[in-house]
Amino acid sequence: MDPASRNGRRESRLFITNLKYECYNEMEEQFERHYGVVMTKINGFSEKEATENILALSNMDKTSFESCCAGLVYAFIVDTDKEKTAKHFKLLACIAANEAQPWWTVLCVTNMILIELMHRVKTPLRSRMVTFFAHLMKDPNCKKVDSVMTNFLRFIGTDCCDITESLELLSMLIQLLLSNFDWMKQLKINSTLPTASFLNVVRYLSSPTLGKELDPYKPLFLNFVERVVRERFAWLTLLGRWVLFDLMKLSSYPSISAIWSDIYNNPTHICSDMPGGVVDMMTKTNPLVFTQRLPNLLQRRVEAIWRFPPSSDFEYHFQWINETLAAPSCTGLRAELIRVMPQLAVCDKDSFYVRTVFTAFILSTAEAHEQAMCRLAFFIDWICCVREPSAQSTDLIIATLSYSSQHNPQLVNSLFDFLVLVDSFVP
């Protein structure tokens, strides 16, 4: 048996594995096999021979093509040597160009890792994804890489990585986007990458618990926010009126305070399609709350609560989410979760009740430093209320206050106290 293996399984180069206790993971095993097959066609061959071998294998059938793509993506991530990295990407570009939609399979493989397996990727290798994105951005035929990068952003800020790693990964991606801002400007107006990047940066910049950890990254993050707002505010209109809530979080920074002054006094200087400034923004809604504001893992747990009628499982789900939100790397997510609640479609009284109880729970378990922002997130739809065909934007507020008046009167009192002082949060 291979000395690098235990219990009949070889230790993975990419994924964190507990070989003694862990169950078989088919998806990881497939990546390992694909990588092994690709290496047999590359190692020991010249560049020309390796290219011929990979092309011959990928042209056999669809399964072989997908195997080559997965194996080369795996190889790019685990081999940190620049020469090997360039070789793997060149081979990947060679076979991706033969696809009807160039790079489609490669992006699907990358998405699979980001959505299903990123929390199991070894910590030192997670930053390799940013390097991979940098290579993909250089190819004009790679059209959908921005959607894949959004899923990387939805991994950052989970309890799978600590605050130091989260800030480092985010700063690397933001630096990449700033260095390629002209590339960003060519994205479609409804691309979720600019808004997801903006929201992640805002969440950390507005955190009251981050001190010395955030200081090295503040100039970079503030530069990104200012460039996005002043040069491409049209991206942020996808967030609807809640972009005002996000800018409120940063109003203590002088550069953002100057932006608020322009929004009030000279809105067309920020966006030509917004002559009415704040009033115009209040009429807009946000169609993509999940993909912009919550990590994938947290979204799945929230959606799981909605699949079942009220039961004793409530407490288990609620407690898991509360423990997750307490992680330093998840700072600001509690307010984001409250912000998402009014937008969840409810189709029956059970779902409506679950949503109400869950919102009351998230508000009542907030730490002292989170309470002000959570209450602002809770009331922002009421503060920005406009006439709409549906009361969807404010019904949760009324239902939560009604429920809490019976089960947690102290919460209701504190919420109304906040409303009295809410003017202090408006720039």
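When the residues of segment 30-51 are filtered to those that are among the acidic types (Asp, Glu) and loosely packed, with under 14 Cβ neighbours inside 10 Å, which remaining residue is modelled with the highest pLDDT?
Within segment 30-51, the match that is modelled with the highest pLDDT is Glu49.
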Criterion (modelled with pLDDT of 85 or more, touching a helix residue (DSSP H, G or I) at 6+ places or on another chain (Cβ under 8 Å) and either part of a loop (DSSP other than H, G, I, E, B) or surrounded by 15 or more Cβ atoms within 10 Å (Cβ to Cβ) (or both)) met by exactly one of Val243, Val229
Val229
Could you tell me whether segment 126-134 includes any residue that is of a type in the set (A, V, I, L, M), crowded, with 17+ Cβ neighbours inside 10 Å and modelled with pLDDT of 90 or more?
yes
Evaluation of Ser252 against (1) assigned to a loop (DSSP other than H, G, I, E, B); (2) within 19 Å of the chain's Cα centre (by Cα); (3) surrounded by fewer than 17 Cβ atoms within 10 Å (Cβ to Cβ) (one fails), failing number:
(2)
Residue count, segment 163-205 (criterion: crowded, with 21+ Cβ neighbours inside 10 Å and in a loop (DSSP other than H, G, I, E, B))
0
If we keep just the residues of segment 52-79 that are more than 15 Å from Trp103 (Cα to Cα) and of a type in the set (Asp, Glu), which is surrounded by the most Cβ atoms within 10 Å (Cβ to Cβ)?
Asp79
How about segment 128-162: which of its residues are in a helix (DSSP H, G or I), of a type outside the set (Val, Ile, Thr) and in contact (Cβ under 8 Å) with a residue 40 or more places away in the chain?
Arg128, Met129, Phe132, Phe133, Ala134, His135, Met137, Asp146, Ser147, Met149, Asn151, Leu153
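Here's the yes/no breakdown for (1) at pLDDT 70 or above; (2) touching a Cys at 6+ places or on another chain (Cβ under 8 Å):
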position	(1), (2)
Ser257	yes, no
Met274	no, no
Thr291	no, no
Leu294	yes, no
Ala304	yes, no
Gln319	yes, no
Ser329	yes, yes
Reported set for segment 25-53 where residues are over 34 Å from the mean Cα position of the chain (by Cα) and touching a residue at least 24 places away in the same chain (Cβ under 8 Å) is Ile42, Glu47, Ala50, Thr51
Could you count how many residues in segment 115-124 are of a type in the set (A, V, I, L, M), assigned to a helix (DSSP H, G or I) and in contact with a Leu (Cβ under 9 Å, 6 or more places away or on another chain)?
1
Filter segment 347-361 for residues that are of a type outside the set (Asp, Glu) and free of Cβ contacts under 8 Å to residues at least 40 places away in the same chain and give the result.
Cys347, Lys349
Quick check on Arg230: is it of a type in the set (D, E, K, R) and closer than 18 Å to Leu333 by Cα?
no
Residues located in segment 156-198, provided they are out of contact with any Leu (no Cβ under 6 Å at 6 or more places or on another chain), within 20 Å of His119 (Cβ to Cβ) and among the hydrophobic types (A, V, I, L, M, F, W, C):
Cys160, Cys161, Ile163, Leu167, Leu169, Leu170, Met172, Leu173
Sort out for me the helices (runs of 4 or more DSSP H) sitting completely within segment 57-114 that have 2 or more residues that are farther than 20 Å from Pro140 by Cα and among the hydrophobic types (A, V, I, L, M, F, W, C).
62-78
Could you grab the pairs with beta carbons closer than 7 Å, sequence gap of 6+ or different chains, first residue in segment 409-422 and closer than 13 Å to Ile383 by Cβ, second one among the aromatic types (Phe, Trp, Tyr)?
Leu419/Phe379; Val422/Phe379
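The values are calculated or read from the model by the stated rules, or taken from the named source; none is laboratory data. This structure is a prediction, so every number in the text was calculated from the model and none was measured. Counting neighbours? That spans all protein chains shown, and the Cβs are built from the backbone with ideal geometry, glycine included.
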